[in-house]
Every structure is written in structure tokens, then in C-alpha cells.
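The values are calculated or read from the model by the stated rules, or taken from the named source; none is laboratory data. Values in this document were obtained by computation on a predicted structure and should not be read as measured data. For neighbour counting, all protein chains shown are included, and Cβ atoms are generated from backbone atoms with ideal geometry for every residue, glycine included.
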Amino acid sequence: MRNAFASKMSYFILTFIFLIITASFLFSGFDKFSLGGGKNVATVDGTEITIKEYKNAMNRQIEFFTQMMGGKGMTQKQLEEMGIKQSVMNGLVQQKLIANTADSMGLVVSLEEIKSEIKNLAYFKKNDQFDVNTYRNVLQSNGYSPTQFEELIGNDLKQKKVDELFATTLVSENFVKDVLNFKNNTINVHAIKVSRHALAPLVSVSEDEIKAYIAKPENSKYLEAAYTESYAKYNQAEEVKARHILIKVEDPKAIDKIKAIKAKVNTGNFAAIAGKESEDSTGKTNGGDLGWFARGRMVPEFDEVAFKMTKGTISEPIKTQFGYHIIYLEDKKAAQSKPLEAVKSELAQIAIQKTKAQDLDKLLESEKEKITALLKDNKLADLDILQKKLDAQFFKSTEANQYDQTIGQLTLSPKESEELFKANDGDILNFGNAGTIYLVKVNSKSLGESKKVEDQFVAEMTAQGQAFSRKVREELIKTLNNKAKIVTNPGLL
């Protein structure tokens, strides 16, 4: 199996050629691309990153995110918010750093290697044979000379050679065996973690305390700030909950199919029919469920119909860029807007609860005792209820191993991990502090057998070797980046 680095390089070269063949610069509305003068976007230790290289890399990223966003073009604002320009620049700088490293290491790519690489690319073949005219025509139509393209291929091959050096990095067999022993040294636990902050809503506050808090002028600014912070909670747009069935427009009989489905579908069988008939890949697994959504999340044609529908009704077929849809509106929430005056008491109560430190401390201790007792008696159903009430993190019968030092999404410190793996079955350990309840009960422990370690050895040796190579590569990039002289065109970012 190719390592991660070779895969990245292969992706780079294949997507580059794919873009050349399918289209010139896409740039989705950025045709007037300008860097404020200059022929290059940057130099890395004197090695140029050209405008053309930058545009190609940007095209790949824009095309990728355009597909992710349902085919909608990207705006300049989206480019900035997602940091795509900086991401593309970082990637190109890394490529140049690796290429320069290959040169300094004396890794030479011969002309024969470059020719062989190009001749093996299917994009330049006719009847399974490399065709010179096709090769030249494709390059010419996209503004590349054979020399420029061959230089690009040569640089890519240099980077592959550097990656092959990383891939040959070996790790100690004893190290891998130790890793496997740690991974196979497992323990089954229940763990629950509750923050002190989550207990605040349980602290009692009287009406008189709330009125007194609101009456103090100095608290007005806090209440206004708290309202602004929670604005989305108190001001919600209209939302609908819907399911849909999609027949893609590419199907020549799409309109006939959608009409036939409409004739037999009803509120009782909609989910089942969506699972069988819908051409939306996710719809087949969830019965066409789209969940709750506000205006603007779906394409305009879909929104327009969905938000006019009445709860419990099914639409006539509608057409969007994706195909023909039937919509079943399951539920509807009207827009709501609560002004500050309407929620002042609630905000004041929350503020007061946070200040009652002694009450919170007592509550933290009492809840810890309650949770300890429930863990001891294995009352998991009661812990489920408590978890929802306290917004806790609760992991039941979760396997932890000595290597990962995690329990579900909870991380253990080295000291906590050591303590946990020394504990006996049935022990309850307290990893909490003044601001947290964090209790772990040991259910059962097991130590991996040597035979199991041997069976896993080859795969683990490969995985650890790849992980170590990846780490070495990352550290090399970091070191090179710190030492390199990188000059970026001021008009780029």
C-alpha cells in the first residue's frame, strides 16, 4: 500500500493533468485575478512560485469546495473566511521546500524517467499508445510548452523520491512489540464527567434575588451583553422539518418516474418509498430525512415550496438543479423573537447562579456522591437520565488501552492512566478537581497474549513506520520553513 506522502504527490499530479484536460482556469468569477504586479506569487529560497502554479492550485481547491457545497460557485468572501488562499500558498511553499531538499540531497531525475512518467499517463494516449500530437495539443491549448510541463513532472518525481526516503524509515521491532503490548493491555470501564458550570442551573434562586439583581444599574451592561451572546437562542428564524424523494434530472424518464412515485406515496409510506426509490444517496439510508432547516440552506426552488407548505402535506413534483423532488413537510416552527425585557429574569437567574460559589461546591459534592453510588450499583439507566440532566459526558462499557490513554472522548494524563491500569475490577477512581466531577469505574481488565501480538506485528510495524515517517516529514518541513527565505507577493493575501 502506498504511503500517505506518495498518495499526496500522485493526487497532485493527477488532478493537475485532469484540470488541464477538462478546462482552462475555472476561477469561478475570479477571472480578473491580480497580484498587484509581478510575475510570481512568491519565491522560496529563490525558487519561484508562478502565477500559473498558484492559479492551478486555487482551481483544484475551488472545484473541491464547489462540489462540497452542492455545485454553487464560491464568493470572494467565502475564499477569505475559509482561508483558502493561505492554505494554497502553504501547500505550494511546502512543495518547493521538498523540491529544493531533493536538489540539495543530490536526488536527480533523469530525462528518461520524466518521459516514462508522461508516456504512462492515459490522458495522452490513443488506442493505449502515447500520442505526441495529443500531448502537444493539450499542452498548447492550456498555455504550456512541453519544456514547462516536463519540468513540472520532474519536480513531482523529485518530491516522490524524497517521500520514498521517508517511507524507508524503520522503527525498532522492540518498540513495535511494546506498542502492541500497550494496545492489547485493555480495560473495560464506565466513565462520567460533569463540569461545575453545568451544575449552575440547579442552584436555587428566589424571585426577590432576581428582582434585586435587575434593579441594580451596574448589572444592565452585563444583561445586555448576555442577551447579545445568547441572541440566537432567543431569536430564531422560521424552520421546517422535511423529507424528500429525488430522481436525478440526467434520467431521461425522470419526470415520469417522479409522477409515478407521487401517485403512490403518502405520509405513512413516504420514508419507506424514499429508501427504495430516491436517488439521493443519503436518502436511501434515512428515508429522505432532511431534518430541521431554515431558509437559505436548500436551493431556492426547494425553499420556496417547502416554506409555503402546511404541516403533514406532500408537494407536487418540483425541479431543481439536482433533479425532480417530492417534499413531505413533517413539521414547522414559526420564527420567534424575544426582546431583552422578556428574558431579563432568566438571564439574571443564570448570572446569580454562577456567583453562588458555596452552593455550587455543595452541589458538586452531593452530585459526586450520587454518581459514585450509581456507578457502584451499576445503575446505568439512572446514569443515563443524570447525563441528560447535567449535560455530562458518559461512556458505558468503553474499552480503553494503555497506549491511547483515552476513554471515549476523555483524555487521561499519564499519571491517571498509570493509576487506572493499576486498579482492580470494581474500583471507582476519582480524576476530578474543584471544577469537575470525573469518575471512572473499572469493570474488567485483560492483558493481550503474545500470540495476539505476533499476529498483529506486521500490520503494526507498517503503521508505526508510516506514522514515524510522517512525523519526520512534518518536522523537516517545519525546520525548512523556519530556515528558508520566503517572499510572498503583497497582493496575494
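Observations on the structure shown:
- Residues of the range 117-150 that turn out to be within 24 Å of ILE51 (Cβ to Cβ) and of a type in the set (A, V, I, L, M), as a count: 3
- Residues that are surrounded by 15 or more Cβ atoms within 10 Å (Cβ to Cβ) and of a type in the set (Ser, Thr, Tyr), drawn from the range 261-296: SER278
- Once the range 321-350 is narrowed to residues that are part of a strand (DSSP E or B) and over 22 Å from GLU238 (Cα atoms), the residue that is modelled with the highest pLDDT is TYR324.
- For the range 194-223, the set of residues classified as out of contact with any helix residue (DSSP H, G or I) (no Cβ under 7 Å at 6 or more places or on another chain) and either assigned to a helix (DSSP H, G or I) or of a type in the set (Lys, Arg) (or both) consists of HIS197, GLU207, ASP208, LYS211, ALA212, ALA215, LYS216, PRO217, GLU218, SER220, LYS221, listed by residue number.
- Sub-6 Å Cβ pairs linking a first residue in the range 111-123 that is assigned to a helix (DSSP H, G or I) to a second residue that is surrounded by 13 or more Cβ atoms within 10 Å (Cβ to Cβ) and of a type in the set (Asp, Glu), at least 6 apart or interchain, are ILE114/GLU150, ordered by first then second residue.
- Matching residues in the range 297-320 - criterion: being surrounded by 15 or more Cβ atoms within 10 Å (Cβ to Cβ) and outside any strand (DSSP E or B): MET298, VAL299, PHE302, ASP303, VAL305, ALA306, PHE307, MET309, SER315, PRO317
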